[in-house]
Amino acid sequence: MKQKQSRSQGSRYYPKRYDFDEKSRNAILDEGLVCHVGFVLDGQPFMIPTGYCRLDNTLYLHGSVGSHFFMQLAKGVPVCVSVTHVDGLVLARSVFHHSMNYRSVVVFGRSRLVESKEERWLAAEKFTEHVIPGRWNEARKPTESDMKKTMFIAVPIEEASVKFRDGGVVDEPEDMELPVWAGVLPLKLQALEPEADETGRRDVEIPEYVRGYAR
Ligand SMILES: Cc1cc2nc3c(=O)[nH]c(=O)nc-3n(C[C@H](O)[C@H](O)[C@H](O)COP(=O)(O)OP(=O)(O)OC[C@H]3O[C@@H](n4cnc5c(N)ncnc54)[C@H](O)[C@@H]3O)c2cc1C
C-alpha cells in the first residue's frame, strides 16, 4: 500500500495503534455497513454518511442521480473515507483514562464516476451482497429504469491507514484501590428478530440468510 507522509501518516500519537496491513484494512472495510465520505467544496468541508462496498482495491458508493453529494463526487474529487467499529467502552477508575476499543480505517483516493454498464452491474451486485449476502439472488434485479436513476462512484484506494485499540483498562497506580468498578463493556452490532412486511404476500418464509444475519 502506498503511504504518504502528508496523509495517512501524520503525527501518529500512538504509533502502536496503527497498522498499514492490507488484510486488516480489508477486514474492517468488509465488516462495515456505513462509511463517512469527506470532501471539500468551495472551501467548505462536507462529511456524508453512506453505504459502500469494497471490491479488491476499490470502494464503491451508490446514490440517486439527483443527489447533490453524488453529483460532486461524479466530477472526480479528492475524498477521504472512514469506517469505524466500536468494540467496547473502556471504563477506567478515573474519567481521564476512559477510552473505547475500536477498529477504524481512513482511506484516501479520488472519486470516479462509474460509466461502463458492466462495472455498474458489478457494483450493484457487490453492494447488495456486501450489505446482506444472499439477497442479490432472491430480490428482483434492477431494471434499466432503476439503473438510470442510480449513480455509482468508485474510490480507488490510493492510501489507507488502520487504527485500533483493544485490551483493558489502563489506570494510574494510585487509583487502583478506589471503590470504582472498572472494566470493559464489549459492544457489537447485532441483528434482532426480523419484522416481516405485511403489505404484500404473507406466505414467503424468512430466508436463512436473514434469520442468521451477523456481521
Ligand atoms: C471510536 C473512536 C473514538 C476515538 N476517540 C478519541 C478521543 O476521544 N480523543 C482522541 O484524541 N482520539 C480519539 N480517537 C482517535 C482518533 O480517531 C485519532 O486517531 C486521533 O485523535 C489522532 O491521532 P494521531 O495524532 O495519531 O493522528 P493524526 O496525525 O491526526 O492523523 C494522521 C493520519 O493517521 C490516520 N489516522 C488517524 N486516526 C485514525 C483512525 N482513527 N483510524 C485510521 N486512521 C487514522 C489518518 O490517515 C490520518 O491522516 C478515537 C477513534 C475512534 C475510532
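Placing unit charges on the Cβ atoms of the charged side chains and taking the dipole of the stretch 5-190 about its Cα centre, the candidate lying farthest along the positive direction among Leu89, Val105, Gly168 is Val105. Computed from backbone phi with θ = phi - 60° and the Karplus coefficients 6.51, -1.76 and 1.60, the 3J(HN,Hα) list for the stretch 71-77 is 5, 5, 5, 5, 6, x, 10 Hz; x is used for glycine and proline. Nearest 10 degrees is fine. How inclined is helix 117-131 to the longest principal axis of the chain, computing both from alpha carbons? Around 40 degrees separate the two axes. Peptides 53-59, 101-107 ranked from most to least packed give 101-107, 53-59, packing being the mean of other C-beta atoms within 10 angstrom over each peptide's residues.
Tell me the mean residue ellipticity at 222 nm calculated for the chain from its helices only (DSSP H runs of n ≥ 4, each -39500 (n - 2.57), averaged over every residue, nearest 500). Calculated mean residue ellipticity at 222 nm is -5500 deg cm²/dmol. Residue order for Ile132, Ile157, fewest other beta carbons within 10 angstrom first, comes to Ile132, Ile157.
Straight-distance candidates among the aspartates and glutamates for linking to Lys16, with alpha-carbon spacing under 14 Å and chain neighbours fewer than 8 residues away dropped: Asp166. Please compute the net charge surrounding Ile153, taking Lys and Arg as +1 and Asp and Glu as -1 over other residues with Cβ under 14 Å from its Cβ. Here the count lands on +4. Exceedance of the 24 Å cut-off in Cα-Cα distance is limited, within the set Lys75/Lys149; Lys117/Lys149; Lys23/Lys163; Lys23/Lys149; Lys163/Lys188, to Lys23/Lys149.
Can you tell me the orientation of helix 22-31 relative to the chain, as the angle in degrees between its alpha-carbon axis and the longest Cα principal axis, to the nearest 10? On a 0 to 90 degree scale, this one is about 70.
For the pair Met176 and Gln9, label points projected 7 Å from Cα toward Cβ lie 3.8 nm apart.
The relative contact order of the chain, computed from alpha carbon pairs under 8 Å that lie at least 6 residues apart in sequence, is 27 percent. Highest mobility in the GNM of the chain, judged by mean-square fluctuation with C-alpha springs under 10 Å and restricted to Val180, Val37, Val131, is found for Val180. When the chain is treated as a GNM with alpha-carbon contacts under 10 Å, the residue of Gln44, Gln190, Gln72 showing the greatest mean-square fluctuation is Gln44.
Quick note: the coordinates plus some simple rules give every number you see, no bench work behind them. Computed from a prediction, not measured in an experiment: that's the story for all the values here. Because the Cβ atoms are built from the backbone with ideal geometry, glycine has one as well, and the counts that use them run over all protein chains shown.
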